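Q: So that we are looking at the same thing, I have put the structure below in structure tokens.
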Amino acid sequence: MTAELIRGTVVAEQIRGELAAETVRLRETRGVVPGLVTILVGEDPASQSYVAAKSRTARELGFHSVQHTLPAATPEAELLDLLARCNADPRLHGILVQLPLPRQIDERRVLEAIRPEKDVDAFHPVNVGKLLLGNPDFLPCTPAGIQELLVRSGTELDGADVVVVGRSNIVGKPLAVMLAQKAPGANATVTLCHTRTRDLAAHTRRADVLIVAAGRPKAITAEMVKPGAVVIDVGVNRIGVTEQGKARLCGDVDFDAVKEVAAKITPVPGGVGPMTITMLMRNTLRAAQRAAG
Ligand code: GUN
């Protein structure tokens, strides 16, 4: 048996259609155009490609899209000045600072300098706290995209055993909180595994839904997956270049082997990635709708 593919590209396209219609409605009824500013410090090629995709998608949806690219040696004070201007600019509803930041810049200070109402990444401590308490204004983009993929693919989460591999602040930790929440599209029993987990396979083999954000190519092999499980691969590992000169990507899951065991699986690329960007657009639209009252 070969698993059914959960195609993030297709689901993301569908949601973007919904967002585009809402964007038109907001403009026509309230005269408000959602505005997103992306800020990239330095020249990391992966970050450059992520930021370019975010700005392009914003433009395609009819958003006001502003891009700032700062040199790698930018002093922290200069970035904080730029953030203060973006916080004060009523045309900008969402502010995204691409991570990681260069060494001389304190990531925590930067994330805390973004007004929580414009924090469309949901990385500000106020937004992290609201998420933990179960009344978020914004959901973090990658976890929200994963939840949306699970719900729209008809995966039962209520009472399901979900295992998340990886405890990052961007994916694993917030996702574990979201899926354990007493709410529709959640109510799961969540196990959060990480680099110090004693017997990883013993946990992953029990999972009805296995979500992998480990940052290690092929960390999950077929023997680690329960037959019939739903597998979500968040990994983006660069393993060379294609004939077209683009980065060749692979996930954290041994796709070719695991697809013979799982019931459903996301591909890399074309799985979680397009959903992350789409959720950023949804957060920006929500911020604009809130600003419009
Ligand atoms: N770097 C890796 N993932 C992300 C993300 O979701 N948002 C931002 N701002 N930076 C990232």
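Every number here is computed from the coordinates shown, using simple stated rules; none is lab data. What you see is a predicted model, and the numbers here were worked out from it, not measured in a lab. Note that each Cβ is placed from the backbone with ideal geometry, even for glycine, and that neighbours are counted across all protein chains shown.
Q: Name the pairs whose Cβ atoms lie under 8 Å apart, with the first residue in segment 108-123 and among the small types (Gly, Ala, Ser), the second near the ligand (Cβ under 10 Å from one of its atoms), and 6 or more positions between them or separate chains?
A: Ala122/Pro140; Ala122/Cys141
Q: Inspect segment 252-259 for any residue being under 20 Å from the mean Cα position of the chain (by Cα), of a type in the set (A, V, I, L, M) and within 16 Å of the ligand (Cβ to nearest atom) and give the result as yes or no.
A: no
Q: Given the conditions (1) under 28 Å from Gly172 (Cα atoms); (2) assigned to a loop (DSSP other than H, G, I, E, B); (3) more than 13 Å from the ligand (Cβ to nearest atom), report the number of the one that Arg91 does not fulfil.
A: (1)
Q: When only residues in segment 250-267 that are touching a Gly at 6+ places or on another chain (Cβ under 9 Å) and β-branched (Val, Ile, Thr) count, which is nearest to Pro217 (Cα to Cα)?
A: Val253
Q: Can I ask one more? Scanning segment 38-72 for residues that are closer than 21 Å to Ala21 by Cα and either of a type in the set (A, V, I, L, M) or within 16 Å of the chain's Cα centre (by Cα) (or both), which turns out nearest to the ligand (Cβ to nearest atom)?
A: Among those that are closer than 21 Å to Ala21 by Cα and either of a type in the set (A, V, I, L, M) or within 16 Å of the chain's Cα centre (by Cα) (or both), it is Lys54.
Q: Would you call Leu150 within 15 Å of the ligand (Cβ to nearest atom) and not in a loop (DSSP other than H, G, I, E, B)?
A: For Leu150, the condition - within 15 Å of the ligand (Cβ to nearest atom) and not in a loop (DSSP other than H, G, I, E, B) - is not met.
Q: On the basis of being in contact with a Ser or Thr (Cβ under 7 Å, 6 or more places away or on another chain), in contact (Cβ under 8 Å) with a residue 40 or more places away in the chain and within 13 Å of the ligand (Cβ to nearest atom), does Gly145 make the cut?
A: Judged against the criteria, Gly145 is a match.
Q: Among the residues of segment 153-178 satisfying the criterion of being away from the ligand (no atom under 15 Å from the Cβ) and part of a helix (DSSP H, G or I), which is surrounded by the fewest Cβ atoms within 10 Å (Cβ to Cβ)?
A: Among those that are away from the ligand (no atom under 15 Å from the Cβ) and part of a helix (DSSP H, G or I), it is Val177.
Q: Turning to a different aspect of this structure: Yes or no: Ser49 of a type in the set (Gly, Ala, Ser) and in contact with a helix residue (DSSP H, G or I) (Cβ under 6 Å, 6 or more places away or on another chain)?
A: So Ser49 fails the test.
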